[in-house]
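Contents: one structure, followed by commentary.
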Amino acid sequence: MTYGIFSLASGNALKWFDSEDEAFAAAQAILRSEPEASDSIGVMAFDEHGHPAHSWQGEELGQATHGVTA
């Protein structure tokens, strides 16, 4: 799996990660410094074929990053 942080407004990838932990740690760092970003960024997982497998945004992203150590 590959994980990306995306701008929900533009759909552009902001950064790519090789692990879920790295992606959520980066998202948590963004949300700590910019709490209002919870409505403007999302994390998406892609399978080995490059197809979207799951995404997290808004409250779900906040819950997924809770307890992650950056």
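The values are calculated or read from the model by the stated rules, or taken from the named source; none is laboratory data. It should be emphasised that the depicted structure is a prediction, and the values quoted were computed from it without experimental measurement. Note that each Cβ is placed from the backbone with ideal geometry, even for glycine, and that neighbours are counted across all protein chains shown.
Structure values in brief
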| quantity | calculated |
| --- | --- |
| Close pairs from the range 23-46: first among the aromatic types (Phe, Trp, Tyr), partner surrounded by fewer than 19 Cβ atoms within 10 Å (Cβ to Cβ), Cβ under 8 Å, at least 6 apart | 24/64; 24/68; 46/1; 46/2; 46/4; 46/52; 46/53 |
| Condition check for residue 38: of a type in the set (S, T, N, Q) and either modelled with pLDDT of 90 or more or at positive phi (or both) | no |
| Residue 57, sole failed condition from (1) surrounded by 13 or more Cβ atoms within 10 Å (Cβ to Cβ); (2) farther than 10 Å from residue 4 by Cα; (3) out of contact with any Leu (no Cβ under 9 Å at 6 or more places or on another chain); (4) not aromatic (Phe, Trp, Tyr) | (3) |
| Qualifying residue in the range 8-23 (condition: modelled with pLDDT of 95 or more, assigned to a helix (DSSP H, G or I) and hydrophobic (A, V, I, L, M, F, W, C)) | yes |
| From the options 22, 48, residue that is exposed (fewer than 13 other Cβ atoms within 10 Å of the Cβ) and either aliphatic (A, V, I, L, M) or more than 17 Å from residue 63 (Cβ to Cβ) (or both) | 48 |
| Qualifying positions in the range 17-41 - among the small types (Gly, Ala, Ser) and in contact with a Gly (Cβ under 8 Å, 6 or more places away or on another chain) | 23, 38 |
